[in-house]
Every structure is written in structure tokens, then in C-alpha cells.
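The values are calculated or read from the model by the stated rules, or taken from the named source; none is laboratory data. Please read all numbers here as calculations on a predicted model, not as lab measurements. Here the Cβ positions follow ideal geometry from the backbone for every residue, glycine too, while neighbour counts run over all protein chains shown. Surface accessibility is based on the protein's heavy atoms, side chains included, excluding ligands, DNA and RNA. Shrake-Rupley method; radii C 1.70, N 1.55, O 1.52, S 1.80 Å.
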Amino acid sequence: IVFVPQVAGDTDWLATSNVVGQEARTAIMAAQPDKGNLIFSYFAGMDHVGHDYGGDSPQYALALRNLDANLGSQTVGGGGLLGAVADWEADPLNNNEQWTTLMVTDHGIIGEDQFGRGHGFQSPRETATFLIYDQAYIDTND
């Protein structure tokens, strides 16, 4: 378990998210193919920025682009967490093992509102979430 506190002075959470991304990539590359591995990473910055500035803010758009960069592309050399998974899977020392990858958010977000920021009610924008799922050994685009 690695706890990553907010980097001092990082009011937009970008530096903190980058540390979380690096720690997660390190954990992925250190996974052992002969043992069960579960790697859970939580990028708190998106949530904090959404609450602090609202989902329609330029700060939120920047945090989203930063998270996208930290996720990378699930291709060999694709960078980010997904690239680390692809690199690990491509390594012949890892016995052709494939990973199941799941990404989810805990809630949707709205623009700044008078009752706080981001969410708290039951509008479609607040309750909408997404799920990205890539099951091991299933290589389809459906």
C-alpha cells in the first residue's frame, strides 16, 4: 500500500496525480506473473478539482487532460498506466499473462452551483458515471 499525499502547493492536483500515476506504473511493472496481483489506483485530483471549481471549469478540463496522459494508451510503449500494462503483457518473462483492466468514476459532475460544487443532488449529470473494461484475453472492439 502506497499513500500519496497531496503535493505541497499543488492546488490544481496535477503534480499529485502525476505522482499517483508514477507509483501505479511502478507497481504494474513490479507485478509477479507467478502470484495474484491486484493494483488499485485512485486519482483524487479529478474529484477535488471538480468540487473546487466545477465540472465546467478550465481547471477541470486541465485535470481531465492530465488524467488522460496518466492513463496513456494500452499499446506497447503507450505510456501511462495502460501502456505499462501493455508493456508488462508483452514481456516474454511474464508467461503471456493478460490483465483485466477496469476504470470507473464514483459520480458525475455539474458546473459550479450555489449549494456547493460539483454534485449533491440527483440530476443526470451528477449521477452519470462511466465504466471502461478490458477483460483479459478478450481482444474485441465491441
Working with all protein chains in place, sort ASP34, ASP68 by solvent-accessible area computed with a 1.4 Å probe, largest first.
ASP34, ASP68
Crossing angle, helix 44-53 versus the chain [Cα axis fit, 0-90 degrees, rounded to tens]:
20 degrees
Which longest uninterrupted range of the chain lacks any chymotrypsin sites (Phe, Trp or Tyr not before Pro) assigned by DSSP to a loop state (not H, G, I, E or B) and surrounded by at most 14 other Cβ atoms within 10 Å?
43-114
Against the longest principal axis of the chain, how steep is helix 80-90, in degrees 0 to 90 to the nearest 10, with axes from Cα atoms?
10 degrees
Taking the chain and counting helices only, DSSP H stretches of n ≥ 4 at -39,500 (n - 2.57) each over all residues, the nearest-500 ellipticity at 222 nm comes to -12000 deg cm²/dmol
Please determine, in degrees from 0 to 90 and to the nearest 10, the orientation of helix 14-30 with respect to the longest principal axis defined by the Cα atoms of the chain, where the helix direction is its Cα long axis.
20 degrees
Two-decimal Rg/Rh of the chain from alpha-carbon positions, Kirkwood Rh?
1.02
What residue among GLY80, GLY50, GLY36 shows peak mean-square fluctuation when the chain is described by a Gaussian network model with Cα springs under 10 Å?
GLY36
Can you pull the accessible area of ILE132 for me, 1.4 Å probe, Å² to the nearest 10?
80 Å²
Express in whole angstrom the spacing between the alpha-carbon centres of the range 89-103 and the range 1-67.
22 Å
